[in-house]
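The values are calculated or read from the model by the stated rules, or taken from the named source; none is laboratory data. Just so we're clear, the structure is a prediction, and the values are computed from it rather than from any experiment. Don't worry about glycine lacking a Cβ; one is built from the backbone with ideal geometry, like all the others, and counts go over all protein chains shown.
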Amino acid sequence: MMPSIILPDGNQLDFDAPVRVGGIAAHIGPRLAKAAVAGKVNGKVVGLDYRIEGNGEPTPLRILTQKDPESLGVLRHSCAHVMARAVMRLWPDVQLAFGPTVEGGFYYDFGMEHKLSDDDFPAIEAEMARIIALDEAFERIEQPREKAIEVCRDLGQALKIEHIETGLAEDATLSFYRQGEFIDLCRGPHIPSPKLIGAFKLLSVAGA
């Protein structure tokens, strides 16, 4: 079934095959494709890699740019991943827990022998800047449940296995995002280019 897309201005676009949000932005025009950060499909914020299938009804879609408040959470979540990757480069024994966005920013929970302090911020921020400069895309990978546990086991990420077996106990398929050497269990979405992150600053650390 061919997907039909209904835009905020009421215009309808018809495609002869499943299409990704980023492909729709490119279809609309190169300026929008360049500015696109994410999309909003049926009221849900998704990545530009989100695939829209035909279901017999037009699918409401809005392309989000940095001007849209909804895109801020996607930017912050991607920045959290960059921070986690930077921390793992500096302290490879890190156990990853959660890295959600919050009002005013984001955080990431780590399990590690090194006790992080404000003195570590310059090194982490410098490594984050190097990662952003590489501009490696966030690649979504979906795996069936048992394979996802195997991936986390191979990565040595016990906290992620625990999360799959408890918080995600009902999920048959799980998603990861890969950026360079960094792979993390994550539902997404993420921005198409790390260079969209712009300015960032680490402000505090809390031990628990």
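Might you let me know whether the stretch 36-52 holds any residue that is closer than 21 Å to Lys160 by Cβ and in contact (Cβ under 8 Å) with a residue 12 or more places away in the chain?
yes
Among the residues of the stretch 147-173, which ones are in contact (Cβ under 8 Å) with a residue 40 or more places away in the chain and in contact with a Cys (Cβ under 7 Å, 6 or more places away or on another chain)?
Residue satisfying the conditions is Lys160 alone.
Listed residues Ile5, Ile24; which is in contact (Cβ under 8 Å) with a residue 40 or more places away in the chain and either in a helix (DSSP H, G or I) or under 24 Å from the mean Cα position of the chain (by Cα) (or both)?
Exactly one of Ile5, Ile24 is in contact (Cβ under 8 Å) with a residue 40 or more places away in the chain and either in a helix (DSSP H, G or I) or under 24 Å from the mean Cα position of the chain (by Cα) (or both), namely Ile5.
Just one of Leu174, Leu159, Leu168, Leu155 is in contact with a Gly (Cβ under 8 Å, 6 or more places away or on another chain) and more than 16 Å from His77 (Cβ to Cβ); which is it?
On inspection, the qualifying residue turns out to be Leu159.
What do you reckon, is Asp135 in contact with a Pro (Cβ under 6 Å, 6 or more places away or on another chain) and surrounded by fewer than 17 Cβ atoms within 10 Å (Cβ to Cβ)?
The answer is yes for Asp135.
Any idea which residue in the stretch 155-172 is farthest from Ala97 (Cα to Cα), counting only those that are out of contact with any helix residue (DSSP H, G or I) (no Cβ under 8 Å at 6 or more places or on another chain) and acidic (Asp, Glu)?
Glu170
What tally of residues in the stretch 153-208 results from selecting those that are closer than 14 Å to Arg140 by Cβ and of a type in the set (Gly, Ala, Ser)?
Looking only at that region, the number is 2.
I need the full set of residues from the stretch 91-111 which are of a type in the set (A, V, I, L, M, F, W, C) and surrounded by 15 or more Cβ atoms within 10 Å (Cβ to Cβ), in order please.
Within the stretch 91-111, Trp91, Val94, Leu96, Ala97, Phe98, Phe106, Phe110 meet the criteria.
Six or more apart or on different chains, Cβ atoms under 7 Å: show the pairs whose first residue is in the stretch 95-123 and aliphatic (A, V, I, L, M) and whose second is loosely packed, with under 12 Cβ neighbours inside 10 Å and at pLDDT 90 or above.
Once the first residue is aliphatic (A, V, I, L, M) and sits in the stretch 95-123, its partners that are loosely packed, with under 12 Cβ neighbours inside 10 Å and at pLDDT 90 or above give Met112/Asp93.
Which of the strands (runs of 3 or more DSSP E) found entirely inside the stretch 82-201 contain at least 1 residues meeting this: of a type in the set (Phe, Trp, Tyr)?
Qualifying strands (runs of 3 or more DSSP E): 173-179, 182-185.
Can you tell me which residue within the stretch 8-21, out of those that are surrounded by 10 or more Cβ atoms within 10 Å (Cβ to Cβ) and not in a strand (DSSP E or B), is farthest from the chain's Cα centre (by Cα)?
If we take residues in the stretch 8-21 being surrounded by 10 or more Cβ atoms within 10 Å (Cβ to Cβ) and not in a strand (DSSP E or B), then Phe15 is farthest from the chain's Cα centre (by Cα).
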